[in-house]
Amino acid sequence: MATITKVHAREILDSRGNPTVEVELTTADGTFRADVPSGASTGENEAMEIRDGGSRYLGKGVATAVDNVISTIGPAIMGMDAQDVAALDKVMLDLDGTPNKGKLGANAILGVSMAACRAGAAHRKEPLYVFLNRLAGSPTMVMPVPCFNCINGGVHAGNYLPFQEFFLIPLGASSFKEAMQLGSETYHTLKGLLKKKYGLDSTAVGDEGGFAPRIDSPEEALKLLVEAIDAAGYTGKIMIGSDPASSETYDKASGKYNLDFKKPEGEQTPASIKSGDELVSYWVEMASKYPIVLLEDPADENDFESHAKLTARLGGAVEIVGDDLYCTNPAIVERGISCKATNAMLLKVNQIGTISEAIAAYKLCVDQEWGVFVSHRSGETEDSFIADLTVALGTGHLKTGAPCRSERLCKYNQLLRIEEDLGSNAIFAGKDFRKSGRF
């Protein structure tokens, strides 16, 4: 047994300078650390972060969650085997006893779950990705296609661009290492184009390393990516994806989508107001004009109907991914399966709060031959856990920001190490990126 002898936690700062939870779990094999990420654009069904409120850190302190790890979770799991992650997660879920982890906090529970995985891997004297692969029972370990978030809008940027993220997706690379090269070169080419077209201030980077040029049209963002791909010499090798995060544009009162929602009322146009059906047609048109292979949350988080209509029309050629739609929650994924809302799920470990539950959601998707798209959060740390998780589950693709900023690059750099470690056994997903868990 990898017997747990000590559990500790502390408050650290994430990539946005906000507090988050760091957990340390000790066994005879050493002390193992995990840092918990945090999102800005969050779904209403996500597991609950515990924040302190008050004036300290403008209300965003996590001292309560830290104390929950030390005073409540720690004594309950002392003496348990860190290798048995499912048992540890169950103890924490039972201790919490709420549907959304509102008592102890998903940020407290997840840190322990992640640290236990590291302790279990160390006890078996194997890399984390091998331990996670065994934990999930996934048949094949696969190097993912990196999806680089290079142009930002929505709540992630101070421009008028309504949709949140636009990706470069190097499907035509022959390895993860080459995919990094293609993405990095195109990212820097894009930077030069933006500087020339919009000025130096359009090359400042946001939370995830992407640029926020002075544009307001999603189609202009797509054109810029195509221009950068062509200028970099990778036409046909790099495709495009987008996370519109459409819940931000949705007006519950009218039931319509307002693509000018960031503009002053006097500058908004009637053409920017779209029904669900009109938004579906809009994305069908964009996919016919640009090399789009992935759309994440193209409709509101409660608009299963529009998602299903878009999946029916585009799902053969484009991966339609549910993020806020599902919140990595197996129960909500079941609903999506029943109405054929999408053909893929975004996997964010802090949306659900334990590694066991994240794996359960992944398995549901694999059983349906859906894609699984692993993701970082906008508030990140130097923890590279999701790099190992992506390979372990064989999800085929992940997004963890632009090839910029150390809290993003630590995941990409870990994947470079894993590919080297796998050597001739390394499988790169490439154009099969949608075959999550089925390589």
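The values are calculated or read from the model by the stated rules, or taken from the named source; none is laboratory data. Nothing here was measured: the structure is a model prediction, and the numbers come from that model. When we count neighbours, we look across all protein chains shown, and the Cβ atoms used for this are built from the backbone with ideal geometry, even at glycine.
Filter region 272-305 down to residues that are hydroxyl-bearing (Ser, Thr, Tyr) and in contact (Cβ under 8 Å) with a residue 12 or more places away in the chain and give me whichever is farthest from PHE433 (Cα to Cα).
Taking region 272-305 and keeping what is hydroxyl-bearing (Ser, Thr, Tyr), we get 272, 275, 281-282, 288, 290.
Remaining after also requiring in contact (Cβ under 8 Å) with a residue 12 or more places away in the chain: 272, 275, 290.
Details: SER272: 33, SER275: 31, TYR290: 19 Å.
Taking the candidates together, the pick is SER272.
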Restricting region 423-439 to residues that are in contact with a helix residue (DSSP H, G or I) (Cβ under 6 Å, 6 or more places away or on another chain) and hydrophobic (A, V, I, L, M, F, W, C), the residue that is nearest to GLY394 (Cα to Cα): PHE428
Using the structure shown, decide if ILE386 is part of a helix (DSSP H, G or I) and within 11 Å of the chain's Cα centre (by Cα). yes
Of the candidates SER184, SER217, SER138, SER202, the one satisfying the condition of being among the hydroxyl-bearing types (Ser, Thr, Tyr), closer than 26 Å to VAL366 by Cβ and over 18 Å from the mean Cα position of the chain (by Cα) is SER138
Among the numbered conditions (1) within 21 Å of HIS156 (Cβ to Cβ); (2) crowded, with 24+ Cβ neighbours inside 10 Å; (3) of a type outside the set (Val, Ile, Thr); (4) touching a residue at least 40 places away in the same chain (Cβ under 8 Å), tell me where ASP388 comes up short. (1)
Are any of the residues in region 185-206 touching a His at 6+ places or on another chain (Cβ under 7 Å) and over 27 Å from ARG434 (Cβ atoms)? yes
Qualifying positions in region 107-140 - in contact with a helix residue (DSSP H, G or I) (Cβ under 9 Å, 6 or more places away or on another chain), among the aliphatic types (A, V, I, L, M) and either over 28 Å from VAL85 (Cα atoms) or buried (at least 22 other Cβ atoms within 10 Å of the Cβ) (or both): ALA108, ILE109, LEU110, VAL112, MET114, ALA116, ALA121, LEU128, LEU132
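Taking the stated definitions as given, is ARG417 outside any helix (DSSP H, G or I) and either charged (D, E, K, R) or crowded, with 22+ Cβ neighbours inside 10 Å (or both)?
Criteria not met by ARG417.
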I'd like to check something: does region 247-264 contain any residue that is touching a Pro at 6+ places or on another chain (Cβ under 6 Å) and farther than 20 Å from VAL155 by Cβ? no
Pairs returned, first residue in region 194-207 that is in contact (Cβ under 8 Å) with a residue 40 or more places away in the chain and assigned to a loop (DSSP other than H, G, I, E, B), second residue that is among the hydroxyl-bearing types (Ser, Thr, Tyr) and surrounded by 15 or more Cβ atoms within 10 Å (Cβ to Cβ), beta-carbon separation under 8 angstrom, 6 or more apart or interchain, are ASP207/SER15; ASP207/SER378
Among (1) over 23 Å from LEU416 (Cβ atoms); (2) buried (at least 21 other Cβ atoms within 10 Å of the Cβ), which single condition is ILE229 missing? (1)
Quick one: VAL155 ticks every box in (1) closer than 30 Å to ILE215 by Cα; (2) part of a loop (DSSP other than H, G, I, E, B) bar one, so which box is it? (2)
For region 105-116, check the following and say yes or no: at least one residue is β-branched (Val, Ile, Thr) and within 18 Å of ILE427 (Cα to Cα). no
What pairs come out if I take residues in region 47-61 that are exposed (fewer than 12 other Cβ atoms within 10 Å of the Cβ) and pair them with residues that are of a type in the set (Asp, Glu) whose C-beta lies under 8 Å away, six or more apart or interchain? GLY59/ASP52
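A quick yes/no check of all residues on (1) within 27 Å of LEU193 (Cβ to Cβ); (2) modelled with pLDDT of 95 or more:
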{"position": "ARG124", "(1), (2)": "no, yes"}
{"position": "LEU135", "(1), (2)": "no, yes"}
{"position": "VAL142", "(1), (2)": "no, yes"}
{"position": "CYS150", "(1), (2)": "yes, yes"}
{"position": "GLY154", "(1), (2)": "yes, no"}
{"position": "GLU178", "(1), (2)": "yes, yes"}
Subset of region 62-79 [farther than 13 Å from GLU11 by Cα and crowded, with 18+ Cβ neighbours inside 10 Å]: ILE73, GLY74, ILE77
